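FYI, it's all coordinate maths here, none of it is from the lab. Everything numeric in this text was worked out from a predicted model, so none of it was measured. Counting neighbours? That spans all protein chains shown, and the Cβs are built from the backbone with ideal geometry, glycine included.
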Amino acid sequence: MDRCIVLVDAGYLLGAAASLLAGEPSRSRITVDHTALVQGLRERAEADTERPLLRIYWFDGAPDRVPQPEHRRLRVMPRVTVRLGALTRSDGRWAQKGVDAAMHAELTELARNRACSDVVLVTGDGDLLPGMMAAKEHGVAVHLWAVQAADGDYNQSEDLVAEADERRVLDRAWITKAVRPKELTGVCAPPPVPRPEIAAILSAPLPESALAAAAQHTEEEPPAGHTPEAGANGRGTAEHRGPAGKAVPTPKDLAALRAPGVQAPQHPPNATLRWSSDKGWVERPGGAPEGPEAAALPTLAQLTTAEQRWADREEDITTVGGDPYEVGQVFARRWMARLPEQHNLQKLSAMYPRIPHRVDGELLRYAARFGLLAHKDDQIDEHDRYAIRAGFWREVDARTAAEHATAGDRAGD
């Protein structure tokens, strides 16, 4: 068939681009415009091979083969197919497993079935040499593309280079049309500026560090000159201890205090409890256990019909990129749009910054669909949790502010 196919080793392409532009092969150091990158690959392949494109295969690794936000964006693009191998961590470094084998299998199968006349390989791994040789034996022309090396030398297997029918180099000028070092670009399409309270949530200490501090203060005697009012982090140590040196009260602890026959302890008027709707702890002056109003708020699942659930899934797959802040916004937008009684929104706003436990759990389960799990313990990374909740509250804040402005206009009329 007079068509061309592009097989992309994303680990090689983006790692080499990061080395070229940022000085090290870490993909976290670059920002990628995947739409522009795919379009550039297509135009370059059709120009070099003088054949129309059949498809671009994007091979990459992902923890537990769970698609990450970038994979979700790529797999819904026209003429793009994503193939995922495993991503494992060993000795502090991430390594792809199964990507080379998948590329080899795809290359040989396409050539055997004569699905194309030309194949473009964007890779540097010599393990693909047998697949390249097999493709040539089936009459397929093999084009090998390299990313310009940071040191001016080859960043590909010499055997692979020698076996290719054609070779091209994607130079710095071509790469920078779609890839930028993060130091030069800053934040791409930043979300609206959050209110100061949200910034406080994002900067709140991790629960592990808080627990460690509590344990340390419990076991150690305070040094000379140290007063109970001045903790190591500038806050009173009373907020880190409970009775008998117990750590910060959890939602379960506080709920137990409301049980019949249990006398709740009396806190000083200015006491500050550290509260968490799950694991993201925030400061809340005058904090109190979750009341019946919070428990009565409906969940998104209760407000969603089967038709809406299908439409939501379609939107998640095709348009939601999976950024934690964006995920929180999308969830909040759906929840508010389906509330039958808008006074529930005012109830929720009054609970800020704590999201009711039922709604918060549903929010985090929804976020887990987008590959936001820290796979060491199947939990969402703590910073991502803060960002998810910040996006949620930002959307709620925008909605309530708009309603207040509308009410003010009506009162003025």
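By its C-alpha gyration tensor, with a ≥ b ≥ c as the square roots of the eigenvalues, how is segment 4-185 shaped: rounded for a/c under 1.5, else prolate for a/b larger than b/c, else oblate? Don't skip to the answer; put the middle values down first.
Details: a/c = 1.40, a/b = 1.31, b/c = 1.07.
Rounded, because the longest to shortest axis ratio a/c is under 1.5.
For R365 and R79, what is the calculated FRET efficiency with R₀ set at 45 Å and r taken between the beta-carbons, to the nearest 0.05?
E between R365 and R79, to the nearest 0.05, is 0.85.
Given a Förster distance of 45 Å, report the FRET efficiency between E43 and A95 from their Cβ-Cβ distance, rounded to the nearest 0.05.
Values: r = 32 Å, r/R0 = 0.72.
For R0 = 45 Å, the calculated efficiency reads 0.90.
Stretched out fully, how many nm does the piece from A86 to H357 gain, at 0.36 nm a residue minus the Cα gap?
94.2 nm
Once you have the Cα-Cα distance between R29 and T299, take 0.36 nm times their residue separation minus that, and quote the gain in nm to one decimal.
Here the answer is 93.4 nm.
Pop the C-beta distance of Y154 and M1 into the FRET formula with R0 = 30 Å and round what comes out to the nearest 0.05.
0.40
Measuring from centroid to centroid over Cα atoms, what is the spacing of segment 1-80 and segment 89-155 in Å?
Centre-to-centre (Cα) distance: 13 Å.
Provide the gained length on full extension for the span Q342 to D127, in nm with one decimal, where the gain is 0.36 nm per separating residue minus the Cα-Cα distance. Could the numbers behind the result be given before it?
Values: separation 215, 0.36 × 215 = 77.40 nm, distance 6.02 nm.
Answer, rounded to one decimal: 71.4 nm.
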